[in-house]
Amino acid sequence: MINSIGIIGAGRVGGALGLLLREKGFNISGVYSKTLSSAEKLAYKLNSFVYRDLESLVAESELIFITTTDREIAKVIREIAKLPNLTGKYFAHTSGSQCYKILSPIKEKGGITFTMHPLQAVASQEMGRQVLPKAYFSLEGDPEGIKVGAYLVRAIGAKVLYLKENQKSLYHTGAVMASNYLVTLIDTALELLEISGINREEGFRALKPLIYGTLNNIEKYGTVKALTGPIARGDTVTIAQHLERLKEYPKLMELYQVLGKHTVRMAKKREDYLPEKGKKILKLFEEAYDK
């Protein structure tokens, strides 16, 4: 379906994708990067070519992946849009935060555009090579482009998520909350344990079974049924004790309250939810905030 693939950006995602696609028999026509040394390293791994200008790479490629940082994407797109003979070529970026409409200057010149974002944290090219085949990739864009994107995603063993138009930002927000904010949440939990006299290393070892157990429960039962703890059982006494102790730590109190209110909202979906208990818990959060 695709005879040659060019890669713009020689970072973690671009490198991992290139390695995986080459392993599956796709021809990687070459690599272009603003940092020549990184392009040379990736091209060597791919047994491919280094291009010193965008025009040459685009001319020699049927599909071009733009895998640069988010702040570089618009600039690269503007440069490509100035080039001749874009009609019929495929152009995709791999950003999670940018929608496919940022590719409009290329589309206006006849290019077929789409986005192909891996829903996975990629810490290095080699790690990406290992984890991306187990990941989901979100696709949005021109129908013909999405078709090609789905073909490539499945070729490396990964799964496809089709996004509704104009929903990329909300999708990426969800991904950020699941990944980045989970780190923040665990860091906050470790801070509380540290205040309690437990060092962070030991604290993480202690929390790890709880964290993994919670994730396993979510996978098995879903978020609503996996919810345990004082809010799930309507334990106002325990929550009041938490809030009283957190008065000494206003920033931690703020996070506890915000997450607590959202947890009450989720708890309302449970079959064993007690409305009166829920109201009392919300009142505790509100009163603690006002003091």
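Coordinate-derived values only; no laboratory data. Here the structure is a predicted model, which is why all the values come from computation and not from measurement. Quick reminder, even Gly has a Cβ in these numbers, built from the backbone with ideal geometry, and neighbours come from all protein chains shown.
Values for this structure:
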| item | result |
| --- | --- |
| Mean Cβ count within 10 Å, highest first, over the residues of peptides 27-36, 66-75 | 27-36, 66-75 |
| Interchain or long-range residues, amide H under 5 Å from Gly6's placed H | Ser29, Glu62, Leu63, Ile64, Phe65 |
| Rg to Rh quotient for the chain, alpha carbon positions, Kirkwood Rh | 1.10 |
| Label-zone membership for segment 106-144, site Tyr162, 7 angstrom Cα→C-beta point, backbone N under 18 Å | 113-117, 136-144 |
| Protection-proxy order for peptides 55-65, 260-270, 101-111, each taking the mean of Cβ atoms within 10 Å per residue, highest first | 55-65, 101-111, 260-270 |
| Of Lys24/Lys220; Lys134/Lys225; Lys89/Lys147; Lys41/Lys134; Lys164/Lys225, those spanning more than 22 Å from alpha-carbon to alpha-carbon | Lys24/Lys220; Lys134/Lys225; Lys41/Lys134; Lys164/Lys225 |
| Overall dimensions of segment 1-126 as given by Cα atoms, namely Rg and Dmax in Å | 13.1, 36 |
| Nitroxide proxy distance, nm - points 7 Å out along Cα→Cβ at Asn27 and Gln130 | 3.3 |
| Among Gln257, Gln98, Gln130, residue whose mean-square fluctuation peaks in a GNM of the chain (springs only between Cα atoms under 10 Å) | Gln257 |
| Zero-based 10 Å bins, Cα pair distances in segment 195-242, whole percents | 23, 33, 40, 4 |
| Whole-angstrom gap from segment 258-291 to segment 129-196, using each part's C-alpha centre | 30 |
| Nearest 10 degrees, 0 to 90: helix 200-221 Cα axis against the chain principal axis | 80 |
| For Val50, residues with placed amide H under 5 Å, excluding near neighbours | Val31 |
| Pairwise centroid distance, computed over Cα atoms, of segment 1-28 with segment 54-114, Å | 15 |
